[in-house]
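Colleague: Next up is a structure, given as structure tokens.
The values are calculated or read from the model by the stated rules, or taken from the named source; none is laboratory data. Just so you know, these numbers come straight off a predicted model, no measurement behind them. As a convention, Cβ positions derive from the backbone with ideal geometry for all residues, glycine included, and neighbour counts pool all protein chains shown.
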Amino acid sequence: MIATDSLDRLFAEAAAQDAQPLWTMMDAMVPPHPQPKAVPHVWRYAAMRPLLERSGNLVATQDAERRVFMLVNPALKPPQTTDTLYAGLQLILPGEVARAHRHVAFALRFIIEGDAAYTAVGGERVTMRRGDLVLTPSWEYHDHGHEGDGPMVWLDGLDLPVYQFFPANFAQPYAEERFPSEPAPADSHLCYPWSDMEARLEAEDGPYAYAEYAHRVTGGAVSRVIGAAAERIARGGSSPTRRETAGIVYHVHRGRGSTTVGTERLDWEKGDTFCIPAWMPYRHEAAKDTYLFRYDDRPVLEAIGAYRREASAS
């Protein structure tokens, strides 16, 4: 044993071997409660819609793989809307085709505006209508096209940030602009019409209702990483106060109101998108009859045993 040994010397010699003491940073590695880096935030459609329109005038489809504005959390970097979820607003104009490619990341599309464009996924062509949820499973070739009038805008939701931890994500272009496809059947596992979800929400009693999307083939969540749901809040009503270890992205399909996240209040209206970081208590209040779409990372957290939820009636 060295007579003049010290912690400083121990740490320096450990660092020379590319090792560090866990006990000095245990609280940071295993904190007493979840510590997301994301902060609550709302992206206002009234501000984003003109930017999308300008991008349609300035950026042709041959100049961009996808014409999308990422919704980047103020406390994070692209592609993070929350710590683990990505959100973006995508625009396609009449006559355009967003060329076919595939990628490891799962994607969902919630249609915000328009009703005549399509997504072709793995050989099935799905017509997209406002409020519909359209799925793009991992590693399926897909392209988007617009054969109608007026712009189409939708919310993209992907698990891209997860692949900051698992370096397994990549994309592959298809040889042609479009992947061969046929019209999707009415009961396609790729498309979930808003009319069906609204009917489920309306069937629930009371000022607040919650319903999850179930995959038509598996009966479970819409993907192994991302789950999706919708909520109805009557004018003057509110949701329960909840907190979850999941990160959540919300989109206002219809209505106006606010969400209290911790001590912060987020005001929102139709078209807006906002996020709830993990383990922050939140509660919605509706100034008008409101319908919210949401997606989260609950399925992957459940798969690894890390999902927790607390709720109260207040």
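Colleague: Could you pull out the residue among A221, A214 that is assigned to a loop (DSSP other than H, G, I, E, B), within 19 Å of R109 (Cα to Cα) and free of Cβ contacts under 8 Å to residues at least 24 places away in the same chain?
Modeller: A214
Colleague: So, one more: Of everything in the range 19-38, what is surrounded by fewer than 10 Cβ atoms within 10 Å (Cβ to Cβ) and charged (D, E, K, R)? Give them in sequence order.
Modeller: D27
Colleague: Additional query: Can you find a residue in the range 131-143 that is assigned to a strand (DSSP E or B), at pLDDT below 95, aliphatic (A, V, I, L, M) and surrounded by 20 or more Cβ atoms within 10 Å (Cβ to Cβ)?
Modeller: So far as the range 131-143 goes, no, none of its residues is assigned to a strand (DSSP E or B), at pLDDT below 95, aliphatic (A, V, I, L, M) and surrounded by 20 or more Cβ atoms within 10 Å (Cβ to Cβ).
Colleague: Just need a number here: residues in the range 270-294 that are part of a strand (DSSP E or B), within 20 Å of E113 (Cα to Cα) and free of Cβ contacts under 8 Å to residues at least 60 places away in the same chain.
Modeller: We begin by selecting, within the range 270-294, every residue part of a strand (DSSP E or B); these are 273-276, 282-286, 290-294.
Next, only the ones that are within 20 Å of E113 (Cα to Cα) stay: 273-274, 290-294.
If we keep only those that are free of Cβ contacts under 8 Å to residues at least 60 places away in the same chain as well, we get 290.
Count: 1.
Colleague: Out of all the residues in the range 36-89, which are assigned to a strand (DSSP E or B) and either among the β-branched types (V, I, T) or farther than 30 Å from P281 by Cα (or both)?
Modeller: Taking the range 36-89 and keeping what is assigned to a strand (DSSP E or B), we get 41-43, 68-70, 86-89.
Scanning the range 36-89 gives V42, V68.
Colleague: Take S181 and decide whether it is among the hydroxyl-bearing types (S, T, Y) and over 17 Å from the mean Cα position of the chain (by Cα). Show your work before the answer.
Modeller: Values: among the hydroxyl-bearing types (S, T, Y): yes; over 17 Å from the mean Cα position of the chain (by Cα): yes.
Yes: the conditions hold for S181.
Colleague: Could you check, for the range 1-16, whether at least one of its residues is of a type in the set (V, I, T), crowded, with 19+ Cβ neighbours inside 10 Å and in contact with a Lys or Arg (Cβ under 9 Å, 6 or more places away or on another chain)? Walk me through how you get there before you give the answer.
Modeller: Here is the first cut: in the range 1-16, the ones of a type in the set (V, I, T) are 2, 4.
Those left that are additionally crowded, with 19+ Cβ neighbours inside 10 Å: none.
No, that holds for no residue.
Colleague: Would you check if E96 is buried (at least 18 other Cβ atoms within 10 Å of the Cβ), over 22 Å from V225 (Cα atoms), free of Cβ contacts under 8 Å to residues at least 60 places away in the same chain and not assigned by TED's automatic domain parsing to the domain that holds R254? Talk me through it step by step, then tell me what you get.
Modeller: Working: buried (at least 18 other Cβ atoms within 10 Å of the Cβ): yes; over 22 Å from V225 (Cα atoms): yes; free of Cβ contacts under 8 Å to residues at least 60 places away in the same chain: yes; not assigned by TED's automatic domain parsing to the domain that holds R254: yes.
For E96, the condition - buried (at least 18 other Cβ atoms within 10 Å of the Cβ), over 22 Å from V225 (Cα atoms), free of Cβ contacts under 8 Å to residues at least 60 places away in the same chain and not assigned by TED's automatic domain parsing to the domain that holds R254 - is met.
Colleague: Identify the residue in the range 99-121 that is in contact with a strand residue (DSSP E or B) (Cβ under 7 Å, 6 or more places away or on another chain) and more than 28 Å from Y291 (Cβ to Cβ) and, among all such residues, is surrounded by the fewest Cβ atoms within 10 Å (Cβ to Cβ).
Modeller: Residues of the range 99-121 in contact with a strand residue (DSSP E or B) (Cβ under 7 Å, 6 or more places away or on another chain): 99-103, 105-114, 116-121.
Retained after the next criterion (residues that are more than 28 Å from Y291 (Cβ to Cβ)): 99-103.
Numbers: R99: 17, A100: 21, H101: 15, R102: 20, H103: 19.
So the residue we want is H101.
Colleague: Further question: Identify all residues within the range 175-211 that are in contact with an Asp or Glu (Cβ under 8 Å, 6 or more places away or on another chain), farther than 20 Å from L108 by Cα and part of a loop (DSSP other than H, G, I, E, B); write none if there are none.
Modeller: Correct list: E177 only.
Colleague: Scan the range 270-306 residue by residue and report those that are in contact with a helix residue (DSSP H, G or I) (Cβ under 8 Å, 6 or more places away or on another chain) and of a type outside the set (F, W, Y).
Modeller: Listed by number, the residues that qualify are K270, G271, D272, T273, D297, V300.
Colleague: Here is a follow-up. How about the range 262-313: which of its residues are surrounded by fewer than 14 Cβ atoms within 10 Å (Cβ to Cβ) and among the hydroxyl-bearing types (S, T, Y)?
Modeller: Within the range 262-313, T263, S312 meet the criteria.
Colleague: Check whether at least one residue in the range 100-108 is of a type in the set (F, W, Y) and at pLDDT below 95, and report yes or no.
Modeller: Within the range 100-108, not a single residue is of a type in the set (F, W, Y) and at pLDDT below 95.
Colleague: Of G247, G220, G271, G255, which residue is at pLDDT 95 or above and within 20 Å of S138 (Cα to Cα)? Break it down stepwise before answering.
Modeller: On the way: G247 fails: within 20 Å of S138 (Cα to Cα); G271 fails: within 20 Å of S138 (Cα to Cα); G255 fails: within 20 Å of S138 (Cα to Cα).
Just a single option satisfies the conditions, and that option is G220.
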